[in-house]
1. Quick one: count up the residues across the stretch 159-174 that are in a helix (DSSP H, G or I) and either surrounded by 24 or more Cβ atoms within 10 Å (Cβ to Cβ) or touching a His at 6+ places or on another chain (Cβ under 6 Å) (or both).
2. All but one of (1) surrounded by 17 or more Cβ atoms within 10 Å (Cβ to Cβ); (2) over 26 Å from residue 138 (Cα atoms) hold for residue 220; which doesn't?
3. Out of curiosity, is residue 201 modelled with pLDDT under 95, in contact with a Leu (Cβ under 8 Å, 6 or more places away or on another chain) and closer than 25 Å to residue 144 by Cβ?
4. Regarding residue 223, is this residue of a type in the set (Gly, Ala, Ser), assigned to a strand (DSSP E or B) and within 15 Å of residue 5 (Cβ to Cβ)?
5. Identify, from the list 129, 115, the residue that is within 20 Å of residue 198 (Cα to Cα), of a type in the set (S, T, N, Q) and touching a helix residue (DSSP H, G or I) at 6+ places or on another chain (Cβ under 7 Å).
6. Taking the stretch 214-250, which residues are under 27 Å from residue 158 (Cβ atoms), over 18 Å from the mean Cα position of the chain (by Cα) and free of Cβ contacts under 8 Å to residues at least 60 places away in the same chain?
7. Name the residue that is surrounded by the fewest Cβ atoms within 10 Å (Cβ to Cβ), counting only residues in the stretch 99-137 that are of a type in the set (Val, Ile, Thr) and in a helix (DSSP H, G or I).
8. Restricting the stretch 87-98 to residues that are in contact with a helix residue (DSSP H, G or I) (Cβ under 7 Å, 6 or more places away or on another chain) and on the phi < 0 side of the Ramachandran plot, which is surrounded by the most Cβ atoms within 10 Å (Cβ to Cβ)?
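The values are calculated or read from the model by the stated rules, or taken from the named source; none is laboratory data. This structure is a prediction, so every number in the text was calculated from the model and none was measured. Using ideal geometry, Cβ is built from the backbone for each residue, glycine included, and neighbour counts are taken over all protein chains shown.
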Amino acid sequence: MTLARRIIPCLDVDAGRVVKGIEFEGLRDMGDPAELAARYNLEGADELVVLDISASVEGRATFLDTIRRVAEQLNIPLTAGGGIRKMEDGRAVLRAGADKVTVNTAAVERPQLISELAQQFGSQAVVLSLDVKRTNSSWEAYVRGGRDATGLDAAEWAAEAVLRGAGEILLTSIDRDGTCSGFDCALTAKIAATVPVPVIASGGASTFEDFLAVFTEGKADAALAASIFHTETHSIAALKKFLARHGVPVRLSK
């Protein structure tokens, strides 16, 4: 049986507000996290991701209050992250209402964190957030909100993270983020071919055709977007109907 492909809106949160930029910069206010969560819950989103985008930079814990407010609006899975540095941080996020935690900066600094989280909560609850830029002919992992290069090959780091217990990869192309130029299907296909766990593609979504391409060419298991959903450029229901017409298995609202 073929698993349904997932459509996932993302709420990038800064100081309690949803924001969006281009290539991780030039942030603009997009609204209240709980209000947007309620809307996406009704529109047929398969899951929701909430990221505290400044937590790792400023050394703050994830905004647990925001997670609670968002979780109250949902009957779909919630992934949350930002500033998770130790197992206790992950536990607090899950207790606040998230179903999964996502880690990036702290996992690069101390890969054992992935193993600790997976052993405590299960691999299904641990998502590696992988922010990537193309460097010459390869892809490099970045941390701290896309600010700092790690020197790590993206595919190699993804494979190591899965061996350590990550159950999913949230893959963001920094080069495409907020540009509305389409997902990086080559990058997505590379990571999808490298790891045996689901890959969520992120960065660059604009048209229905972009989603179709990342599911067919990019071999993604899920596609994440922010701007086009926040601004109501496209509805999730219309997108899913388009994908279904083109042979992509999706969950359609009744």
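1. To start, the set of residues in the stretch 159-174 that are in a helix (DSSP H, G or I) comprises 159-164.
Right, trim to either surrounded by 24 or more Cβ atoms within 10 Å (Cβ to Cβ) or touching a His at 6+ places or on another chain (Cβ under 6 Å) (or both) and you get 161.
Residues flagged as in a helix (DSSP H, G or I) and either surrounded by 24 or more Cβ atoms within 10 Å (Cβ to Cβ) or touching a His at 6+ places or on another chain (Cβ under 6 Å) (or both) within the stretch 159-174 amount to 1.
2. (2)
3. Working: modelled with pLDDT under 95: no; in contact with a Leu (Cβ under 8 Å, 6 or more places away or on another chain): yes; closer than 25 Å to residue 144 by Cβ: yes.
Answer is no for this residue.
4. Details: of a type in the set (Gly, Ala, Ser): yes; assigned to a strand (DSSP E or B): yes; within 15 Å of residue 5 (Cβ to Cβ): yes.
Taking the combined requirement at face value, the residue satisfies it.
5. On the way: 129 fails: touching a helix residue (DSSP H, G or I) at 6+ places or on another chain (Cβ under 7 Å).
Selected residue: 115, the only one of 129, 115 that is within 20 Å of residue 198 (Cα to Cα), of a type in the set (S, T, N, Q) and touching a helix residue (DSSP H, G or I) at 6+ places or on another chain (Cβ under 7 Å).
6. Of everything in the stretch 214-250, those that are under 27 Å from residue 158 (Cβ atoms), over 18 Å from the mean Cα position of the chain (by Cα) and free of Cβ contacts under 8 Å to residues at least 60 places away in the same chain turn out to be 216, 217.
7. 108
8. Once the filter is applied, the top-ranked residue is 93.
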